[in-house]
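**Student:** Here it is: the structure, laid out below.
The values are calculated or read from the model by the stated rules, or taken from the named source; none is laboratory data. Being a predicted model, the structure only gives us computed values, none of them experimental. Positions of Cβ are generated from backbone atoms using ideal geometry, with glycine treated the same way; all protein chains shown enter the neighbour counts. For the accessible areas, the whole protein counts, side chains as well, though only heavy atoms, and no ligand, DNA or RNA atoms are used. Shrake-Rupley method; radii C 1.70, N 1.55, O 1.52, S 1.80 Å.
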Amino acid sequence: MRQKIALVGIGKIALDQHVPAIAASPDWQLAATISRKGSVEGIESHTDFTAFLVLRPDITVVSLCMPPVPRFAFAEAALLAGRHVMLEKPPGATLSEVHALAALAASKGLTLYTTWHSRMAQAVAPAKAWLAGKTVTRAHITWREDVRKWHPGQDWVFEPGGMGVFDPGINALSILTEILPKPVHLTGATLTFPENCQTPIAAALTFSGNVSADFDWRQTGPQTWDITVETAEGRLDLRMGGNTLEIGGVPVSGENSIMGEYPALYARMASLVAEGQSEVDLAPMTHVADALTLGRRLTTEAFIL
Ligand code: NAP
């Protein structure tokens, strides 16, 4: 039987990915939405989350799709009200608040799932399997996209806690931290801030183990979401955000579509709830926090979204 779930924060990602993924899921039934303005046709909608929690005790799982800064208050209220919680990426505005949520979920025997949708991209698992047991000699991420194309009108990305170019960059870091056979740590960063923005629009990162990353939100035309990993046994290229894989320059798996990522997240949430488990992995966000701690700041011209 399909379990009832509520979606909170009906904006771009909820409508693009969460609603179709739930509609196609054998595990879930979208029973309500909670959003100040957004709604989904044919689905019961609420605007007040506190009232929803009181009115619908039968909906025991909520998926939070709003930006990271307001998300903690919703997640805490949901856990205190006995609901299992699924968090969009990044799982919070700070590491501490996610640790607090994890402790609260554990104390109440509830599931907390910090999702990383890019880890569910089709070629990530085969890439991880190919790298297992190999020695990485170099790795580089190139993650360059056009913020105006992907985040129209979303001013929160340039406000404190919005993460700037790390909003997409953390997707690359979620893949990197999944596939590398040995963990790495950040050793340096150069962060480029438009003079009118609170968060960076570009970042160059270096890590231990000869690993580096280049994130830029000013790329118009073709978009680039590539990770190259070199080993003594050859080279691996993940392209299209982890959806296609090349070994030694030869395509071996995947296709250019992200449509499998969110169905896989909802299947994982169903397993976690059924097993009474949580999954909380802060490795990608730790690298971002380290970059914001250690980064050198450059200032560039003002940017209007
Ligand atoms: P969004 O469209 O700007 O916001 C989603 C919804 O959250 C809004 O429509 C709004 O709904 C609600 N919201 C916004 N600010 C709020 C606040 N202060 N308090 C309460 N609710 C608020 O953002 P999005 O693009 O969907 O991104 C949301 C999250 O998904 C982010 O963490 C992002 O990194 C992640 N994500 C986005 C994408 C993408 O392509 N955009 C892809 C993957 C993951 P109401 O006004 O109706 O309340």
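**Student:** Hey, got the dipole for the chain? About the Cα centre, +1 on K and R Cβ, -1 on D and E Cβ, debye to the nearest 20?
**Tutor:** Computed charge dipole of the chain: roughly 240 debye.
**Student:** What distance in nm lies between label points placed 7 Å from Cα along the C-beta direction at Val252 and Leu55?
**Tutor:** 5.3 nm
**Student:** What does the charge count near Leu53 come to, summing +1 for each Lys or Arg and -1 for each Asp or Glu among other residues with Cβ under 15 Å from its Cβ?
**Tutor:** 0
**Student:** Please report the antiparallel percentage of DSSP beta bridges with both residues in the chain, rounded to the nearest 5.
**Tutor:** Looking only at bridges with both residues in the chain, the antiparallel portion is about 50 percent.
**Student:** Moving on to the next point. So who's got an amide H within less than 5 Å of the one on Glu279, skipping anything under 5 residues away but keeping other chains? H placed 1.01 Å off N, in plane.
**Tutor:** Leu112, Tyr113, Thr114
**Student:** Could I ask something else about it? Carbon and sulfur atoms: what percent of the 1.4 Å accessible area of the stretch 52-205 do they account for?
**Tutor:** Its accessible area is 58 percent carbon and sulfur atoms.
**Student:** On the protein heavy atoms, probe 1.4 angstrom, tell me the percent of accessible surface of the stretch 217-280 carried by carbon and sulfur.
**Tutor:** 52 percent
**Student:** Give me the aspartates and glutamates in straight-line cross-link reach of Lys108: C-alpha distance below 17 Å, same-chain residues under 8 apart excluded.
**Tutor:** Glu76, Glu97, Glu275, Glu279
**Student:** Using θ = phi - 60° and the Karplus form 6.51 cos²θ - 1.76 cosθ + 1.60, what ³J(HN,Hα) does each residue of the stretch 177-185 get, whole Hz, x for Gly and Pro?
**Tutor:** 5, 7, 9, 5, x, 10, x, 10, 10
**Student:** From the alpha carbon gyration tensor of the chain, can you work out the equivalent ellipsoid semi-axes (sqrt of 5 times each eigenvalue) and give them in Å, largest to smallest?
**Tutor:** After diagonalising the Cα gyration tensor, the semi-axes are 32, 23, 18 Å.
**Student:** For the stretch 202-253, what is the relative contact order in percent, using Cα pairs closer than 8 Å and at least 6 residues apart in sequence?
**Tutor:** 20 percent
**Student:** Here is a follow-up. Only four residue types carry charge here, +1 at the Cβ of Lys and Arg and -1 at the Cβ of Asp and Glu. Report the dipole size of the stretch 55-140 about the Cα centre in Debye, rounded to the nearest 20.
**Tutor:** 360 debye
**Student:** Okay, moving on. Tell me the mean residue ellipticity at 222 nm calculated for the chain from its helices only (DSSP H runs of n ≥ 4, each -39500 (n - 2.57), averaged over every residue, nearest 500).
**Tutor:** Theoretical 222 nm ellipticity from helices: -9000 deg cm²/dmol.
**Student:** What ³J(HN,Hα) values, in whole Hz, does the Karplus curve 6.51 cos²θ - 1.76 cosθ + 1.60 give for the stretch 8-25 when θ = phi - 60°, with x put for Gly and Pro?
**Tutor:** Values, residue by residue: 10, x, 8, x, 4, 6, 4, 6, 5, 10, 5, 4, x, 5, 5, 4, 8, 7 Hz.
**Student:** Evaluate the relative contact order of the stretch 232-305 (contact order divided by residue number), counting alpha-carbon pairs under 8 angstrom at least 6 apart; express in whole percent.
**Tutor:** Worked out over the stretch 232-305, it gives 14 percent.
**Student:** Further question on the same structure: To the nearest 20 debye, what is the magnitude of the charge dipole of the stretch 178-305 about its Cα centre, counting +1 on the Cβ of each Lys and Arg and -1 on the Cβ of each Asp and Glu?
**Tutor:** Approximately 260 debye in magnitude.
**Student:** For the chain, what relative contact order do you get, as a whole percent, if you take Cα pairs closer than 8 Å and at least 6 residues apart?
**Tutor:** Rounded, it is 20 percent for the chain.
**Student:** Positive end of the dipole of the stretch 1-144, charges at C-beta (+1 Lys, Arg; -1 Asp, Glu), about the Cα centre: which of Ile34, Leu55, Ala14 has its Cα farthest in that direction?
**Tutor:** Ala14
**Student:** Which cross-chain or sequence-distant (5 or more) residues have an amide H under 5 Å from the amide H of Arg138, H modelled 1.01 Å from N in plane?
**Tutor:** Amide H to amide H, under 5 Å and 5 or more residues apart or across chains, Arg138 pairs with Glu230.
**Student:** Could you sort out which of Lys128/Lys182; Lys134/Lys182; Lys128/Lys149 sit more than 19 Å apart by Cα distance in this structure?
**Tutor:** Lys128/Lys149
**Student:** Evaluate the distance, in nm, between pseudo-label points positioned 7 Å from the Cα of Ala283 and of Lys149 along their respective Cα→Cβ axes.
**Tutor:** 3.0 nm
**Student:** Based on the Cβ-Cβ distance of Ser107 and Thr187, what FRET efficiency does E = 1/(1 + (r/R0)^6) give at R0 = 30 Å, to the nearest 0.05?
**Tutor:** It comes out at approximately 0.25.
**Student:** What residues qualify as long-range amide H neighbours of Val252, i.e. H under 5 Å apart, gap of 5 or more or another chain, H built at 1.01 Å from N?
**Tutor:** Leu245, Glu246, Ile247
**Student:** Continuing with the same structure: For Lys12, go through the aspartates and glutamates and keep the ones whose alpha-carbon is under 20 Å away, minus same-chain ones fewer than eight residues off.
**Tutor:** Within the straight-line limit of under 20 Å, Lys12 reaches these aspartates and glutamates: Glu41, Glu44, Asp48, Glu88, Glu145, Asp146, Asp155, Glu159, Asp167, Glu261.
**Student:** Next up: Which shape class applies to the stretch 237-305: rounded if a/c is under 1.5, otherwise prolate when a/b exceeds b/c and oblate if not, where a ≥ b ≥ c are the square roots of the Cα gyration tensor eigenvalues?
**Tutor:** oblate
**Student:** On to the next question. Would the stretch 28-82 count as rounded, prolate or oblate if I go by the C-alpha gyration tensor, calling it rounded below 1.5 in a/c and otherwise prolate when a/b exceeds b/c, oblate otherwise?
**Tutor:** It is oblate, given that a/c is not under 1.5 and a/b is not larger than b/c.
**Student:** Compute the accessible area per residue over the chain, keeping the other protein chains in place, probe 1.4 Å, unit Å².
**Tutor:** I get 43 Å² per residue for this part.
**Student:** Let me make sure I get this right: for the stretch 81-234, a, b and c are the square roots of the gyration tensor eigenvalues over alpha carbons, sorted descending. Under 1.5 in a/c it's rounded, otherwise prolate if a/b > b/c, else oblate. Which is it?
**Tutor:** Oblate is the answer for the stretch 81-234, as a/c is 1.5 or above yet b/c matches or exceeds a/b.
**Student:** Can you list the HN-Hα couplings for the stretch 215-227, worked out from phi with the Karplus curve (6.51, -1.76, 1.60; θ = phi - 60°), rounded to whole Hz and with x for Gly and Pro?
**Tutor:** 10, 8, 9, 10, 7, 8, x, x, 9, 10, 9, 10, 10
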